[in-house]
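Q: I'd like to ask you about the structure that follows.
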Amino acid sequence: MSAAPDFEVVGSTVLCEAGFLAISQLSVQAPDGDVLERHVVHHPGAVVVVPLDDDGNVVMVRQWRAATGAALLEVPAGKRDVPGEPPEVTAARELEEEVGRRAATLHPLCEFYNSPGFCDEYTYLYLATGLSRVATNAASAEEAAMTEELVPLDAVDDLIARRALVDAKSIIGLLAARAFLRGEPRG
């Protein structure tokens, strides 16, 4: 992906670094010559995994999220915080850490920017099949406290309609997994 040909970043200043995030102020020259100031949150990227068991259930977690002040129903996911680690390796690691499962196969489904209006976070999405149990290894207090829920893949529409599922990466993941399993063409 590249910038539109008539826009050019002509300056960048890091304003803040906080853990794995950084915030920069960019100076962007527009096609008319004006210089615009834009703030961008830099994120190392993420993986999302839809673990599907042999009975057609998705292994999901209910995890407390500080930004929402609530526990959300989500598929396993995590940051790409190991330099040079391929996304499928990160996905396999997160699957084991969060739900104690190993996949015989990780099917790449799609890739997407989470919120490109202000953040450069780029996500790789996988469907995990042929699951087997392994020991979990929680990497944070939130992971240690989360609970596991088995959700039938065919319940996705109802969960979204009832607002029981409001996490965007999980909605994208579940709908993409369902389309893949139905043999629908991918873009």
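Q: Under the condition of being aliphatic (A, V, I, L, M) and under 26 Å from Ser170 (Cβ atoms), which residue from segment 24-46 is modelled with the lowest pLDDT?
A: It comes out as Val41.
Q: Of all residues in segment 125-144, count the ones that are free of Cβ contacts under 8 Å to residues at least 40 places away in the same chain, assigned to a loop (DSSP other than H, G, I, E, B) and in contact with a strand residue (DSSP E or B) (Cβ under 9 Å, 6 or more places away or on another chain). Walk me through it before giving the result.
A: Filtering segment 125-144 down to residues free of Cβ contacts under 8 Å to residues at least 40 places away in the same chain leaves 130, 132-135, 140-141, 144.
Add one more test, that the residue is assigned to a loop (DSSP other than H, G, I, E, B), and what stays is 134-135, 140.
Within this subset, residues satisfying the condition of being in contact with a strand residue (DSSP E or B) (Cβ under 9 Å, 6 or more places away or on another chain) are 134.
Residues meeting the conditions: 1.
Q: I'd like to verify a number: residues in segment 28-50 that are small (Gly, Ala, Ser) and either part of a strand (DSSP E or B) or surrounded by 16 or more Cβ atoms within 10 Å (Cβ to Cβ) (or both), how many?
A: Residues in segment 28-50 being small (Gly, Ala, Ser) and either part of a strand (DSSP E or B) or surrounded by 16 or more Cβ atoms within 10 Å (Cβ to Cβ) (or both): 2 in total.
Q: Just checking, does segment 136-147 include any residue being within 20 Å of the chain's Cα centre (by Cα), hydrophobic (A, V, I, L, M, F, W, C) and at pLDDT 95 or above?
A: Among the residues of segment 136-147, not one is within 20 Å of the chain's Cα centre (by Cα), hydrophobic (A, V, I, L, M, F, W, C) and at pLDDT 95 or above, which makes the answer no.
Q: Considering only segment 70-124, state which residues are assigned to a helix (DSSP H, G or I) and out of contact with any Asp or Glu (no Cβ under 9 Å at 6 or more places or on another chain).
A: Hits for segment 70-124 are Glu88, Val89, Ala91, Ala92, Glu94, Leu95, Glu96.
Q: Looking only at segment 145-166, filter to residues that are in contact with a helix residue (DSSP H, G or I) (Cβ under 9 Å, 6 or more places away or on another chain) and outside any helix (DSSP H, G or I); which one of those is nearest to Arg133 (Cα to Cα)?
A: My answer is Glu148.
Okay, residues lined up against (1) in contact (Cβ under 8 Å) with a residue 60 or more places away in the chain; (2) touching a helix residue (DSSP H, G or I) at 6+ places or on another chain (Cβ under 7 Å); (3) among the aromatic types (Phe, Trp, Tyr):
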residue: Gly45; (1), (2), (3): yes, no, no
residue: Val50; (1), (2), (3): yes, yes, no
residue: Gly84; (1), (2), (3): no, no, no
residue: His107; (1), (2), (3): yes, yes, no
residue: Pro116; (1), (2), (3): no, no, no
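The values are calculated or read from the model by the stated rules, or taken from the named source; none is laboratory data. Computed from a prediction, not measured in an experiment: that's the story for all the values here. With ideal geometry, Cβ positions are generated from the backbone for all residues, glycine too; neighbour counts draw on all protein chains shown.
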